[in-house]
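In what follows, a structure is listed as structure tokens, so that the remarks can point back to it.
The values are calculated or read from the model by the stated rules, or taken from the named source; none is laboratory data. Bear in mind the structure is a predicted one, so any value in this text is a computation, not a measurement. Every residue, glycine among them, receives a Cβ derived from its backbone with ideal geometry; neighbour counts consider all protein chains shown.
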Amino acid sequence: MNYDPQIIEKEILEFWTKNKTYEKMKAKGVKGKPYYFLQGPPYTSGALHMGHAWNSSMKDTVLRYKRMQGFDVWDRSGYDMHGLPTELKVQALFGAKTKEDIIKNIGEEKFAKECEKFCIEKMNDMIKDLKRMAVWMDHDDPYMPITNDFIESEWWLIKKAHDKGRLYEGLRTLTWCYDCASANAKHELEYRSVTDKSVFVKLPIVGKEKEYLIIWTTTVWTLPFNLAVMVNPDLEYVKIEVHDGPEDKKKYEGEKWWVAKGLVGGFMGHVVGKKFAILREVKGEELEGIEYKHPFSNIIDYESLKQEHKTKKIHTVILSKEYVDLSAGSGLVHCAPGCGPEDYEVGHKNGLPPFNFIDEQGVFPKEAGKFAGLRAKIDDKKFIEELDKLGVLIATVNVEHDYAHCWRCKNPIIFRTTKQWFLKIEDSIEKMRRQNERVHWVPSDAKEQYDLWIKNLRDNSITKQRFWGTPAPIWRCQNEKCSNYIVVASSEELKKLGAKKIPSNLHKPWIDAVELPCKKCNSIMNRIPDVLDVWLDSGTLYWNCLKYPQTDEYLKKYPRIDFILEAREQIRLWFSMLNICSNVVFDKDCFDNVYCTGMLLSIGGEKMSKSLGNVISPYEIIDKHGVDTMRYYLSSLNAGENLAFSWDEINTKQKHLTMLWNLHKLLIDITINEEVSMKSYSLDLEDKYILSRANSTLKKVTELMDEYRIDECVAHLESLITELSRTYIQLIREKLALGSKKEKSGVFYTINYVLKRALLMFNIVCPFICEKIYQNLSDASKLKSEYKEVSINLYDWPKSDSKLIDAELETSISHAKYAIQSILSSREKIKRGVRWPVSEVVLVTDKEDVSKSLKKTQDLIASQTNVKKLIISDSFAHAKISLKPDFSKLGPVFGKKATSILAKLITMPALNDKIQKEGKAIIIVDSEKFELKKEHFTAEHSLPKDWVSSEFPSGICYLNAETNKDLEAEGFAREVMRKVQTLRKDSGLQKTDEINLFIETDDAKDLVPFKSMISERCGAKSLNFSGKGKYELSDKIKDKNIKISFDKI
């Protein structure tokens, strides 16, 4: 049977189900050391994509490895189910576009039920897909954030935060998505390079004639909320007088502008295009308190704002070292405390309110006067037109910059001032950074990336103004005069607090009907309408996955997460949220080992996108090449790197799997056609070599897996299988055909030993093919005792046998392979196939270790290349070698000097000889010394007639092409044997079938010395040089006619 993944994988899935293989494997490790793997939840908004396939393949590889090592692995699967992606999918089903549509046209209760139904359907689809991919986890009891137990575990976090003084409500300027109508936390932002219109605006100074502050901004829509101008107290600023040219319309003539000294030249020359004169120069601190008139003061009521907040700093110059520099603009920065965290921070220090009244959709209200109805960001052009109309617009300039976008809907974000609930974490940043020092990250640079993210964290907003999520467990008194609120940890606590009826489903809208008595003022307390940030769902998984705090059984057994794996982007998302939540609750971090995958890009190297039509589905690979090929390919991708998908690599991986398949077919063929035994055998050099390779590979793979360098393992496994198939099998072909019973048994033992261990290792990557090969081998009569378990998955991880590792032999065979290839290359030069013997080969090397290796493998090299006499030496007397300077080698090393060096060398042939003898020499060119080495030259060989040469690493092969009658006769005999074997195969004979062989040729006498060898190798009971059999073949060998025929006995 040939390797057919579609047939094999279907059969093996049924086998695993029937035999309860996963359950048996889990039971096998129940008394082992606990190992906590935490599944990063895929989101149930659609089908599994290549990112899921990549990280799921890697996760399963680790879990299989740990189970084989005897660990009691916690492998509960789970899913991310709350949040806006689900809402949007369900909204689309009903044609709803806004939050108001949900309330009016669908109804919150129906909407919540549809969201739950959608999530469960998608989860079941994903479970089916993961099982098809042989991702073995506990799929029968997945954690689901939509269950009451999960919700209560998350409530417990909020309660703990409240008890520890880490929960607070605050008025903050937050990034906001107008499309999702919800706040965006820092980790929910994606930055993209965009081109926006920036503006330079002049603000008239109160009490000064024609004197202005020049500000610059890229967010034009925030100008209505401008409350101050920031300057750096340490920078120098200048007051300039603007001079229009003779052909200008005297637009700015005589105006005085304040600009940073370090920017005035570029600003006036490239942006304004006017001449100017500096009138005054001051430090920024001297500008503090200057009052200006806002250009929109006749449109927006700023006076009421000043009176309400009782501050005189509105529309004045304030100071900021942190956020004002000379990187761009004018050096005077527009400050809108309600439109950005930096502006808020500086404004708060100066007593400025976070003024911003746009609504959830980013729309300006009626209080905005003529701006009412305009949308933030979208209607920038309208604000620019008004600035121009008012005569304060100096210039608009296109600016390319990175701008935050919503990670869900991909639209640009805006800023809103809203009340939200926060987790206080900024005082824990340094502690979390110290905790990270002991965490093992793969790749290693992910550790620094995580540290940088943690270093810049801010208190986390945790509430959202949406429907489908964990309801915020905060009940607030209805009495506006009462400030009382309660944070609740569970349904049981609600009962104790006086709730009359607890709904069976704790989601909105049912939980909103729960009222509590206010013990402070005897009024009614209602739950605030918000839901919790969906990232808190996954942030609580450290304990939620272990069903804590409902039970402490599992948390006691699995106190820390041993391993997590997700894409690198989760550094700023899930990975950080896990530790934030763990520190809030337990005052400690929670995970020890992290592996990051990268992003799999399209074939063209772009991000996969449905809109671009370049998405590759896992099933495109599975349906064509099988799950194993996909897992094999994905498991070999470099950790943490964004890589372009490659169908060529997929095809290569399937070829390697076919190679593995053919190896097991060969082993089974040996059990059927050869008299072999595992009890009595002999081992030769090549057998000991591959046994050493198997054990050194096992040792290396074990080390790599223990260090979670998963992506590096595949290359070593692949190399072992390739070496077994290509090198070892080639080395033992003749022995397998003509060797003694002990020699053939040695081959049988060796292939089985190596293949079995290769299968046990490779099974963690490609479980289908390894299981099928195992089952086939266990059915072979001579192998039953070697394959006793019902499934390959019930074996322990094999241990490397250090006694069988011979590093020196492995090195020797490596050198031998290079030498063999060099000899074969020389054969090609004289067009002589390997069946035709050559009389003599000299391998020359001046490297002692290489010489030692070649002498150790001398007989092996000679037999593999059909050389009668093989000499290993440090010289070849008949060869005259001269070195010729090679510009292609000199150029990369010596750069511009290479040409001069080459010219000098041409005039110094003696120097070439010195380098040939000593390996290096010094040359002086233009009074500068340069050291030249052999590798800067090309060696030219002058050889006697009938000799050819080929290079190999650290040496040269010299082959004597001269032949004679005896060599030709032997070569002719070998070609005849090949023809006989071809005819046997074409005639449908088995290896064990014997024949009576007839050979007719022009020079039959040349075959007589080889009669015995031909008979033995061709399975001929008799050989006659006349006569005719049933099966015939007529051909030519080097112009000699030959007729071959035989009868099957």
Name the residue, out of Ser825, Ser785, Ser778, that is more than 23 Å from Asp706 (Cα to Cα), in a helix (DSSP H, G or I) and not assigned by TED's automatic domain parsing to the domain that holds Leu667. Ser825
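Without any contact (Cβ under 8 Å) to a residue 40 or more places away in the chain, among the β-branched types (Val, Ile, Thr) and surrounded by 17 or more Cβ atoms within 10 Å (Cβ to Cβ): does that describe Ile915?
yes
Does Ile474 count as without any contact (Cβ under 8 Å) to a residue 60 or more places away in the chain and touching a strand residue (DSSP E or B) at 6+ places or on another chain (Cβ under 7 Å)?
Answer is no for this residue.
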Does Cys115 satisfy being under 30 Å from Glu14 (Cβ atoms) and crowded, with 22+ Cβ neighbours inside 10 Å? no
Check Lys275, Lys256, Lys251, Lys208 and return the single one that is assigned by TED's automatic domain parsing to the domain that holds Glu345, under 27 Å from Asp380 (Cα atoms) and among the charged types (D, E, K, R). Lys251
Of all the residues that make up the range 850-901, how many are at pLDDT 85 or above, touching a Phe, Trp or Tyr at 6+ places or on another chain (Cβ under 8 Å) and basic (Lys, Arg)? 2
Pull out all pairs, ordered by first then second residue, where Cβ-Cβ is under 7 Å, the residues are six or more apart or on different chains, the first lies in the range 323-343 and is outside the structural domain of Ala228 (by TED's automatic domain parsing), and the second is among the aromatic types (Phe, Trp, Tyr) and at pLDDT below 90. none
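Tell me the residue from Thr417, Thr470, Thr463 that is touching an Asp or Glu at 6+ places or on another chain (Cβ under 6 Å), under 23 Å from Asn356 (Cβ atoms) and among the polar types (S, T, N, Q), please.
Being touching an Asp or Glu at 6+ places or on another chain (Cβ under 6 Å), under 23 Å from Asn356 (Cβ atoms) and among the polar types (S, T, N, Q) holds for just one of Thr417, Thr470, Thr463, which is Thr463.
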Among Gly329, Gly266, which is within 30 Å of Tyr344 (Cβ to Cβ), part of a helix (DSSP H, G or I), small (Gly, Ala, Ser) and within 51 Å of the chain's Cα centre (by Cα)? Gly266
Number of the condition not met by Arg527 [criteria: (1) under 29 Å from Arg433 (Cβ atoms); (2) in contact with an Asp or Glu (Cβ under 7 Å, 6 or more places away or on another chain); (3) of a type in the set (D, E, K, R); (4) buried (at least 20 other Cβ atoms within 10 Å of the Cβ)]: (1)
Counting only residues that are out of contact with any Ser or Thr (no Cβ under 6 Å at 6 or more places or on another chain), of a type in the set (Lys, Arg) and in the same structural domain as Ser77 (by TED's automatic domain parsing), give me the helices (runs of 4 or more DSSP H) lying completely in the range 471-577 with at least 2 of them. 553-557
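Answer yes or no: is there a residue in the range 379-396 that is without any contact (Cβ under 8 Å) to a residue 12 or more places away in the chain, in contact with a strand residue (DSSP E or B) (Cβ under 8 Å, 6 or more places away or on another chain) and either part of a loop (DSSP other than H, G, I, E, B) or surrounded by fewer than 20 Cβ atoms within 10 Å (Cβ to Cβ) (or both).
no
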Only one of Val333, Val363 is crowded, with 20+ Cβ neighbours inside 10 Å, of a type in the set (A, V, I, L, M, F, W, C) and at pLDDT 90 or above; which? Val333
Helices (runs of 4 or more DSSP H) within the range 1-70 that include 2 or more residues touching a helix residue (DSSP H, G or I) at 6+ places or on another chain (Cβ under 7 Å) and farther than 16 Å from Glu771 by Cα: 50-68
Of the residues Asn436, Asn356, which single one is touching a residue at least 24 places away in the same chain (Cβ under 8 Å) and touching a Ser or Thr at 6+ places or on another chain (Cβ under 7 Å)? Asn356
Single match in Asp986, Asp1039, Asp1003 (criterion: within 29 Å of Ile670 (Cβ to Cβ), surrounded by fewer than 15 Cβ atoms within 10 Å (Cβ to Cβ) and either in contact with a His (Cβ under 7 Å, 6 or more places away or on another chain) or not aliphatic (A, V, I, L, M) (or both)): Asp986
Give me the residue from the range 812-869 that is closer than 22 Å to Glu975 by Cβ and among the hydroxyl-bearing types (Ser, Thr, Tyr) and, out of that set, surrounded by the fewest Cβ atoms within 10 Å (Cβ to Cβ). Ser863
Within the range 482-496, can you find the residues that are small (Gly, Ala, Ser) and in contact with a Phe, Trp or Tyr (Cβ under 6 Å, 6 or more places away or on another chain)? Ala489
Six or more apart or on different chains, Cβ atoms under 6 Å: show the pairs whose first residue is in the range 636-660 and in the same structural domain as Ser57 (by TED's automatic domain parsing) and in a helix (DSSP H, G or I) and whose second is exposed (fewer than 15 other Cβ atoms within 10 Å of the Cβ) and of a type outside the set (Val, Ile, Thr). none
From Glu116, Glu154, Glu87, residue being within 32 Å of the chain's Cα centre (by Cα), over 23 Å from Thr417 (Cβ atoms) and either modelled with pLDDT under 95 or assigned by TED's automatic domain parsing to the domain that holds Ala472 (or both): Glu87
